[in-house]
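The values are calculated or read from the model by the stated rules, or taken from the named source; none is laboratory data. What you see is a predicted model; the values in this text were computed from it and never measured. We place every Cβ from the backbone using ideal geometry, glycine too, and count neighbours over all the protein chains shown. Areas reflect the complete protein model, heavy atoms only, side chains present, ligands, DNA and RNA absent. Shrake-Rupley method; radii C 1.70, N 1.55, O 1.52, S 1.80 Å.
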Amino acid sequence: MRELSLNVLDIAQNSIAAGAACIRIEVLEDTKAHTLVLGIYDDGCGMTDEQVQRVLDPFYTTRTTRKVGMGIPLFRLAAQQTGGDLEISSKVGIGTSVRATFHTDNVDCTPLGDMASTLCTLITMNTDRQFLYRHRVDGREFVLDTAELTALLEGVPLSDPAVAQWLRDFIRENTESLYKGETYEND
């Protein structure tokens, strides 16, 4: 994939298909160490140890609509091409954790991409799920919790077009602040 945010979208969709009520997405950047860690954690149905091993095989998928599952293998390959790696852990009935580490000083490091659009798509298309998003750059952090947003909106759905546009702008503005060295302030 051309952007890592698309891998995040794909894996989060797997979490939704696994029945997750809460999906936590983390973007952790350390510019001095030249590392980027992407984590997607869910409380879905989980997988057996055998299934965890098999999801790394591109010719294995639980989907009935196609015979291959390239999402996790491509995400792992993208990490490994930078000298990083991907870890998956899962427990049946508890959930799944996918965590990939990238070395950003490697020429083969795929750009992070448009996380604001990825998150906005996930949130507005899955308003029955809780999304927790944390983006940290060198210790500065932006956190978004859709449960808090839902409470603040007092009945206005997260899928409302005006809310979706505000959400996308809010995520973009706060992410840009992280890169400028500014701290996040909840408004």
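Each eigenvalue of the Cα gyration tensor of the chain, multiplied by 5 and square-rooted, gives one semi-axis; in descending order these are 26, 22, 13 Å. Take the chain with all the other protein chains still there, run a 1.4 Å probe, and you get 53 Å² of accessible area per residue. Loop sites here are GluC sites (Glu not before Pro) outside DSSP states H, G, I, E and B with no more than 14 other Cβ atoms within 10 Å. The longest part of the chain free of them is 1-153. With both residues required to sit in the range 1-142, DSSP beta bridges show an antiparallel share near 75%. Largest mean-square fluctuation among Asn174, Asn14, Asn106, in a Gaussian network model of the chain whose springs join Cα atoms under 10 Å apart, belongs to Asn106.
Which value in deg cm²/dmol, rounded to the nearest 500, describes the helix-derived mean residue ellipticity at 222 nm for the chain, given -39,500 (n - 2.57) per DSSP H run of n ≥ 4 and division by the residue count? Numbers along the way, then the final one.
Numbers: 6 runs with 68 residues, N = 187.
Mean residue ellipticity, 222 nm, calculated: -11000 deg cm²/dmol.
Of the whole protein surface, Arg140 contributes about 50 Å² of accessible area at a 1.4 Å probe radius. 3J(HN,Hα) along the range 89-101: 9, 7, 9, 4, x, 10, x, 9, 10, 10, 9, 10, 10 Hz, from the Karplus curve 6.51 cos²θ - 1.76 cosθ + 1.60 with θ = phi - 60°, whole Hz, x for Gly and Pro. Given R₀ = 25 Å, FRET efficiency for Trp166-Leu132 by Cβ-Cβ distance, to 0.05? So the FRET efficiency works out to roughly 0.85. Applied to the range 42-47, the Karplus parametrisation 6.51 cos²θ - 1.76 cosθ + 1.60 on θ = phi - 60° returns per-residue 3J(HN,Hα) values of 9, 10, x, 5, x, 9 Hz, with x for Gly and Pro.
Considering only DSSP states other than H, G, I, E and B, which trypsin sites (Lys or Arg not before Pro) in the range 8-57 qualify as loop sites with at most 13 other Cβ atoms within 10 Å?
Working: sites: Arg24, Lys32, Arg54; in loops: Lys32.
Filter output for the range 8-57: Lys32.
Once the piece of chain linking Ile94 and Arg54 is laid out straight, how much longer is it, given 0.36 nm per residue of separation minus the C-alpha distance between them? Walk me through the numbers on the way to the answer.
Numbers: separation 40, 0.36 × 40 = 14.40 nm, distance 1.86 nm.
Gain in length upon complete extension: 12.5 nm.
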